[in-house]
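Some notes on the structure that comes next.
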């Protein structure tokens, strides 16, 4: 298949071609590899490729035969490296498939490589020492976001139509917003994390994807969702497949708008203008849109402190386990300054402080649950500013402790983390662009626990009314030589 033909299709469309016998999975994989060669050196989104071993049966699933990439964190493929974007884990090889990897294989996806992540997913921009910065295909001087920045850049540039991503504070939605993609963070417990762990970061982290179309994300979630034996909890079963929800009308929704982030930092004018345009679009579709009152149940500093304690204690245990298994020191030869700061901070968090942080998680969950009694959906910008220039997010990190670094992460993306703490689904939708720079701007929509179906219905309606998948970044595999 010619690369210009390959990039015109989303994942469901490619699978349909495979099912009809018009193209083989091997031909699609070859096209994906050609796409990576065309744009990869410019964006640095894919850290490794390999010869795929999967042999899907055409037509066996809605995604059978589609080329796919997994993030270098959170999912293990037997015999493949999983390095977590860190020198500490460099060369680490997974002994067995994680549950999600098994499900991705059963879904018929042809996984041929892994995408970049910041070290330990501990940043909102993907600029690890191990593999270098991932660049935004819309503007190579800017960040592709994090922590699923490699996935976001790879999909936006046309290497694959959909890619695996994870999200503990916005790591699906921020790259989706920065790269002009659709990205939905599922409900806590929707996709299993096992078998090695039952939850990551005390339930703040989830698996998901970024894609160019809504139906691709819906199809993938249908194929990988559901608990595995031993899970501590499970999200409620949806009423119908998510792929069906995308084509259904959402009805008139009560939508509450958050115009300013929790924490009070200002929203950049281009983003505020994009939010105003989104409100007008929603009203034209019959939705009832009002400014929202949605408290966190705690003040912002208490929220930041609780997140810092949960993140760093988990990070510390993770680092100690890796260092012991690989026989490596925990110092600047293996870890970056923010990670070391988080490690040191986590070692100082006491048991009572950790339990207090879990109590804050509960209060935030209850507070947002009350908000979802008043509103069907909460709307905000995904992030309050345009994609940040590379090299700025980590500036001065050496002077920060673990709490200071977490504060910086949450200040960059203050709208997203609350829904990780509460465990509710949220999505970033690429509804508009900045008129001055042409950069994409994402809008975040969140719903109550277990209500991904509501979000997919709304996303499908917005995509039909204001389609975005034909927008092309400056670096696009369909352009000759990726220009």
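Structure above, values below:
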{"item": "Two-site label geometry, residue 252 and residue 435: point separation in nm, points 7 Å out along Cα→Cβ", "result": "3.0 nm"}
{"item": "Gyration tensor (alpha-carbon) shape descriptor, segment 231-283, a/c threshold 1.5", "result": "oblate"}
{"item": "Computed over segment 230-328, Kirkwood Rh from alpha-carbon pairs, angstrom", "result": "18.5 Å"}
{"item": "Mean residue ellipticity (222 nm) of the chain, computed from DSSP H runs ≥ 4 via -39,500 (n - 2.57), nearest 500", "result": "-11500 deg cm²/dmol"}
{"item": "Added length on full extension, which subtracts the Cα-Cα distance from 0.36 nm per residue, residue 466 to residue 233", "result": "80.2 nm"}
{"item": "Paramagnetic label zone (point 7 Å from Cα along Cα-to-C-beta, residue 291; backbone N under 17 Å) in segment 249-273", "result": "255-269, 272-273"}
{"item": "Cα gyration tensor of segment 430-483 - equivalent ellipsoid semi-axes, whole Å, descending", "result": "28, 13, 10"}
{"item": "Prolate/oblate/rounded call for segment 195-277, Cα gyration tensor, a/c under 1.5 rounded", "result": "oblate"}
{"item": "Segment 3-482 - share of DSSP beta bridges that are antiparallel (%, nearest 5)", "result": "70 percent"}
{"item": "Inter-centroid distance (Cα atoms) of segment 30-74 relative to segment 239-309, Å", "result": "33 Å"}
{"item": "Ranked by how many other beta carbons lie within 10 Å on average, peptides 105-113, 379-387, 67-75 from highest", "result": "67-75, 379-387, 105-113"}
{"item": "Linear extension gain, residue 366 paired with residue 344, 0.36 nm per residue minus alpha-carbon span", "result": "4.8 nm"}
{"item": "Packing rank of 188-195, 216-223, 321-328, where each peptide gets the mean count of other beta carbons within 10 Å, highest leading", "result": "216-223, 188-195, 321-328"}
{"item": "Beta bridges by DSSP in segment 1-126, antiparallel share as percent, to the nearest 5", "result": "50 percent"}
{"item": "Listed peptides 421-434, 235-248, 7-20 by packing density, highest first (mean Cβ within 10 Å)", "result": "421-434, 7-20, 235-248"}
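Laboratory data are not the source of any read-out in this text; all were calculated from the coordinates shown. As the structure is a computational prediction, the values presented were derived from the model and not from experiment. Quick reminder, even Gly has a Cβ in these numbers, built from the backbone with ideal geometry, and neighbours come from all protein chains shown.
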